[in-house]
Amino acid sequence: MAKAVFWTGNEVCAEAAIAAGCRFFAGYPITPSSEIAAVMAQRLPEESGTFIQMEDEIAAMGAIIGASLAGVKSMTATSGPGFSLKQENIGFACMVEAPCVVVNVQRGGPSTGLPTHPGQSDLMQTRWGTHGDHTTIALAPAYLRELYLEMIRAFNLSEKFRVPVIVLIDEILGHMSECFEAPTPNEYTVINRVKPTCPPEKYNPYEVQDGELVPTMASYFEGYRFHATGLNHDKTGFPTTHPIVCHQDEVRQLAKVSHNRAEIDSWEEVMVEDAEILVVSFGSTARGAHSAVLEMRKQGVRAGLFRPITVWPFPDEEVRRLARKTKAIVVAEMNLGQMILEVERAAHSDIKIVGCQKVGGVPVEPYEIVAKIREVA
Amino acid sequence: MSNRFEVRLSAVGGQGVILAGDLLAHAAYEEGKFSVQSPTYTAQVRGGPTKIDVIIDTEKILYPRTTAIDFFLSLAQRSFDAFAVGLKPDCTILVDPNLVHDCKGRANVFRIPIIELTRTKLGRMVYTSVVALGAMVELTGVVKHETIRKVVEEHAPPGTETQNLKALDVGFAAAAAVKAEVSR
């Protein structure tokens, strides 16, 4: 029987992570994400897991990579300033292909900004925050029940493709509570990394079979010895500067995501098929966009909502398809124009694309989106 | 058909309005409704102005923040000054007249000495928020008396059930009395 829960978004992140099999959390407290660490500190010992408060955010990121290589599903949680600090080790996680989950509860402003207020200004940093060509999977749910299921999906995608997965929420979702029936285990699957079956002496940590993209992953301390380095490496895990080997390995790493879009992509569409005005919005802002669309329909304007749930990789083909059928697009976001850049790129069209953008720590309200739709209708 | 009802409970930190908002949301759920709660988030846990917004609807709630508030409670002048914004013109307002002296000319203000009632009828200030909750439910009818009684009884720390239910009744009765006075 489903159990009604009254968790805040941050509590949902912690409980869903545990349901997904996460048994290691390392973090450094930062508003508005701290409750995730607080709940994990209490809950993980109850589940025979481990919680560590590290000396800073980059160390926390390092700790979860270490736990992951030792075979434990792991995560950390932070907000903008801490997310900046983690970038170096997020790149390391990509390079050594360590599955892990990073929750970013976004707050307002650059730098220390507006610690207790929401923002969505880390969208581009999520994609391009760490240097070099690398994959990014980032999920941005808008409802707390959806957040629960997307947290589980984040762990599943990270285990399956051996990549760090970012869950991008904000202060609104992190601190609000919304009662819902907690998903029962028969509503989701839990995926675990594929371990090698060969004897330890034959194991190459980055070797893939023909037609495959994700190497099997041994855990430390189980008899398989392997080297994990941020340097470009060959299938043995040891550094190489061989140009063809390095090129092919980086191409393979990107292909893990680009060749599996059907499984990774996720979005919600509301009345898009006959929409003349398309609203694109994500996360908590998309909830206001949804009510704006309903309001416009009441007034006889054919508006529709496209809400990416997987924000990276960006669902460009679907946006292109919808852009061909609409007169104009309004992109609503709590930043000064980040997702709109992706929408423009994906739409690849001369139709009018305008932003409904706001920073300052207060949400974009439905009436503001309504006004913007009217402007282009 | 959306039946959105927006409630803002404000006070100074420590008076228990966050708990009252929580109980209201549980009652809404008991009646098969949807609810979203957002507390203010400041560094001030004790003594600073604090509030919780609770949105109740018969349909799934989309925009999670308030748009036009139907009911506003204030237990401190500072919280009235800070949070009496975004209220509907006909918003029902409940204040403790011993603590909130200036209601900025707002109409539809109900004045109940919640703190004094709690002290004299219950003896312990910890019941303040439940008295306020009872008054709020009586004034708005947003949930049924029996639903809020059930929720308060279930959530009361063991041994305090009777006193908490009494606190609700004190709130119900005080609000019924001011309503009667207004209609006279």
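Readers should treat all values here as calculations from the given coordinates under stated rules, not as data from a laboratory. These numbers were taken from a predicted model, which means no experiment stands behind them. Cβ: placed from backbone, ideal geometry, glycine included. Neighbour counts: every protein chain shown.
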(message) Roughly how far apart, in whole Å, are the Cα centres of region A:178-223 and region B:3-36?
(response) 43 Å
(message) So for chain B, averaging the separation of alpha carbon pairs under 8 Å that are six or more residues apart and normalising by length, what relative contact order in percent results?
(response) 21 percent
(request) May I ask you to compute the full-extension gain from A:R374 to A:H131, defined as 0.36 nm times their residue separation minus their alpha-carbon distance, rounded to one decimal in nm? (result) 83.4 nm
(message) At 30 angstrom or more along the helix axis (alpha-carbon based) and mean Kyte-Doolittle of 0.0 or higher, what helices does chain B contain? Whole DSSP H runs only.
(response) B:161-183
(request) Could you grab the relative contact order for region A:266-376? Cα pairs under 8 Å, six or more apart, rounded to a whole percent. (result) 31 percent
(request) Under 20 Å Cα to Cα from A:K372, which aspartates and glutamates show up? Leave out anything in the same chain fewer than 8 places away. (result) A:E269, A:D274, A:E276, A:E295, A:E333, A:E342, A:E344, A:D350
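Can you give the % of DSSP beta bridges in region A:248-377 that are antiparallel, to the nearest 5?
Taking every DSSP beta bridge with both residues in region A:248-377, the antiparallel ones total about 20 percent.
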(message) From Cα pairs below 8 angstrom and at least 6 apart in sequence, can you work out the relative contact order of chain A, rounded to a whole percent?
(response) 16 percent
(request) Classify the protein assembly as shown as rounded, prolate or oblate, taking a ≥ b ≥ c as the square roots of the eigenvalues of its Cα gyration tensor: rounded when a/c is under 1.5, otherwise prolate if a/b is larger than b/c and oblate if not. (result) prolate
(message) 7 Å from Cα along Cα→Cβ at both A:V208 and A:E88: what's the point-to-point distance in nm?
(response) 2.9 nm
(request) Sequence neighbours fewer than 8 away in the same chain don't count; with that in mind, list the aspartates and glutamates whose C-alpha is under 14 Å from B:K51. (result) B:E6, B:D22, B:D81
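Report, for the protein assembly as shown, the % of DSSP beta bridges that are antiparallel, rounded to 5.
Values: 28 of 75 bridges.
Taking every DSSP beta bridge within the protein assembly as shown, about 35 percent pair in antiparallel fashion.
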(request) Among DSSP beta bridges lying fully in region A:1-264, give the percent that are antiparallel, nearest 5. (result) 25 percent
(message) Quick check: Cα centre of region B:135-184 to Cα centre of region A:293-344, how many Å?
(response) 46 Å
(request) Let me have the 222 nm mean residue ellipticity of the protein assembly as shown computed from DSSP H runs of 4+ only, each contributing -39500 (n - 2.57), with the sum over all residues rounded to the nearest 500. (result) -12500 deg cm²/dmol
(request) For B:L87, list long-range residues whose amide hydrogen, built 1.01 Å from N in the peptide plane, is under 5 Å from its own amide hydrogen. (result) B:I69
(request) Take chain A, connect every pair of alpha-carbon atoms lying under 10 Å apart with a spring to form a Gaussian network, then pick out the residue of A:D210, A:D122, A:D170 with the largest mean-square fluctuation. (result) A:D210
(request) Take the alpha carbon atoms of region A:68-86, find their center, do the same for region A:120-156, and report the distance between the two centers in whole angstrom. (result) 12 Å
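Using the structure shown, select from A:K160/B:K60; B:K150/B:K179; B:K33/B:K166; A:K298/A:K327 the pairs with a Cα to Cα distance greater than 22 angstrom.
Values: A:K160/B:K60 33 Å; B:K150/B:K179 24 Å; B:K33/B:K166 26 Å; A:K298/A:K327 19 Å.
Too far apart for the 22 Å limit: A:K160/B:K60; B:K150/B:K179; B:K33/B:K166.
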(request) Please give the contour-minus-distance gain from A:C246 to A:L336: 0.36 nm per residue of separation, less the Cα-Cα distance, rounded to one decimal in nm. (result) 28.7 nm
